Amino acid sequence: MRKGRRLISIGHSYVVAVNRRLAHEMARVGGWEVTAVAPSLFRGDSRPIAFEPQENELCQVEQARANFTSKVHLMLYSKRLRELMRQPWDMVHCWEEPFVFAGGQVALLTPRTTPFVFYSFQNISKTYPPPFCWIERYCLQRCAGWLAAGESVCQTLSGRGYSQKPHRIIPLGVDVDRFSPDAESRLAVYKDLSWSSKGAPVVGYLGRFVPEKGLDLLMRALESLSTPWRALFVGSGAMEGSLRTWSKRYGDRVRVVTGVSHGEVPRYLNAMDVLCAPSQTTARWREQFGRMIIEAFACGVPVIGSDSGEIPRVVGNAGVLVAESDVSLWTGKIGELVENLALRSELSSAGLERARSLYAWSHIARRHLDFFEELLG
């Protein structure tokens, strides 16, 4: 590989500092000059997020105002992106779906002589209405290759004709420096929650408070648990009200925490003895990856996951898998881990190894660059 290749990587998730670790690692491991482009503000569907600065990033970071960010499929970057795309790049990496406005915008602004690669999480085949189907068709025609976040994504898109272009399965990564076992954080969170460090084991949930994430099932499983437990729910979403109403039955045994930034997530993961990922497949959705799983692994937290979508492949042999709709089996498996410290320790070690060997951003970055270099020849 010749030195000095220039890569521009564009994605709305880069507004969060933790998510730019991919761009940082691509600049560190591969001898590329990397520029990450992030929105200056992203409203999203939960809370507005202003661009988060980060010290000592090895990639160049550019902010571009983004419009319509409350509906991500309609989001468009400002003219700043057009200015940046006029620079000479060897590769354009787009962390936006190929059927959304921003994905089409990046494809359109990429010079014809420059390879363009997009990253997708589509793991259910859908027929998009115009203009989204037109955008998808254009992005697929225009790209030099594409990346799938998991095997279920690759299978779905290959069945839609994407296999005609070079592609790779490259999962999300985790910052194993930031996400790591931390006894001090555990005690600090307990203090914040007014919990004793000697209380019952903590069953945790991290993510969106929405039905498809399996919160109803998890609440029913906990209700049936005979062994002592505490529960910690961290996230936000439409089910917050019903979750808080349910939690009142259990007094200080259950805590619901909202407004947590991604940078604070490691603290709360370290306060959990078990992380539950009870995602439920619907007609329009199945779990696309499960980032909370690899973050829990990196913090040494045992994981119980459902068999929805990509979860079985993410968990591998480092956690416990349960049929997604079997409440009694969920109750039994949660109870088994709550009661069995030795099993939790075994799974903690297995998860740590899986996070560090497969999902550390340094490995994920190298795999991205290997694919880019193959496309460039």
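For the residues Glu373, Glu324, Glu287, the requirement of being at negative phi, assigned to a helix (DSSP H, G or I), of a type in the set (D, E, K, R) and modelled with pLDDT of 95 or more singles out Glu373. When every residue of region 198-220 is checked against the conditions, none turns out to be buried (at least 17 other Cβ atoms within 10 Å of the Cβ), touching a residue at least 60 places away in the same chain (Cβ under 8 Å), over 22 Å from Leu329 (Cβ atoms) and of a type in the set (Val, Ile, Thr). Against the numbered list (1) in a helix (DSSP H, G or I); (2) in contact (Cβ under 8 Å) with a residue 60 or more places away in the chain, Leu343 comes up short only at (2).
In region 270-286, the residues that are within 21 Å of Glu336 (Cβ to Cβ) and assigned by TED's automatic domain parsing to the domain that holds Trp195 reach residues that are assigned to a strand (DSSP E or B) and of a type in the set (Phe, Trp, Tyr) with C-beta atoms within less than 7 angstrom, at least six apart or across chains, in these pairs: Cys276/Tyr205.
As a summary of the residue check, Ser152 satisfies the conditions (1) more than 24 Å from Arg21 (Cα to Cα); (2) among the hydroxyl-bearing types (Ser, Thr, Tyr); (3) in contact (Cβ under 8 Å) with a residue 40 or more places away in the chain; (4) surrounded by fewer than 20 Cβ atoms within 10 Å (Cβ to Cβ) except for the one numbered (4).
For region 86-94, the criterion of being surrounded by fewer than 15 Cβ atoms within 10 Å (Cβ to Cβ) and more than 24 Å from Arg367 (Cα to Cα) is met by at least one residue. Considering only residues that are surrounded by 24 or more Cβ atoms within 10 Å (Cβ to Cβ) and among the charged types (D, E, K, R), look in region 275-309 and name the one that is nearest to Arg186 (Cα to Cα). The residue in question is Glu295. Across region 9-50, the qualifying residues are those that are over 18 Å from Cys94 (Cα atoms) and assigned to a loop (DSSP other than H, G, I, E, B), and the one among them that is farthest from the chain's Cα centre (by Cα) is Gly31. Quick one: is Tyr119 part of a loop (DSSP other than H, G, I, E, B) and either hydroxyl-bearing (Ser, Thr, Tyr) or not assigned by TED's automatic domain parsing to the domain that holds Ile169 (or both)? Answer is no for this residue. Of all the numbered requirements in (1) touching a Gly at 6+ places or on another chain (Cβ under 6 Å); (2) within 18 Å of Ser197 (Cα to Cα); (3) not in a loop (DSSP other than H, G, I, E, B), Phe297 misses one, and that requirement is (2). Considering (1) surrounded by 14 or more Cβ atoms within 10 Å (Cβ to Cβ); (2) among the charged types (D, E, K, R); (3) within 26 Å of Phe289 (Cα to Cα), the lone condition that Arg65 does not fulfil carries the number (3).
Listed by position, the helices (runs of 4 or more DSSP H) enclosed by region 177-250 that each have at least 1 residues that are under 18 Å from Leu275 (Cβ atoms) and touching a Pro at 6+ places or on another chain (Cβ under 7 Å) are 183-192, 215-223. A Cβ distance below 8 Å, combined with a sequence gap of six or more or placement on separate chains, defines the contacts here; from region 167-184, residues that are more than 16 Å from Ala296 (Cα to Cα) reach residues that are among the basic types (Lys, Arg) and at pLDDT 95 or above in the pairs Arg168/Arg367; Ile170/Arg367. Checked against (1) buried (at least 19 other Cβ atoms within 10 Å of the Cβ); (2) assigned to a loop (DSSP other than H, G, I, E, B); (3) not acidic (Asp, Glu), Ala102 passes all but a single condition, namely (2).
The values are calculated or read from the model by the stated rules, or taken from the named source; none is laboratory data. Model, not experiment: these values are computed from the prediction. All Cβ positions, even for glycine, are placed from backbone atoms using ideal geometry, and neighbour counts span all protein chains on display.
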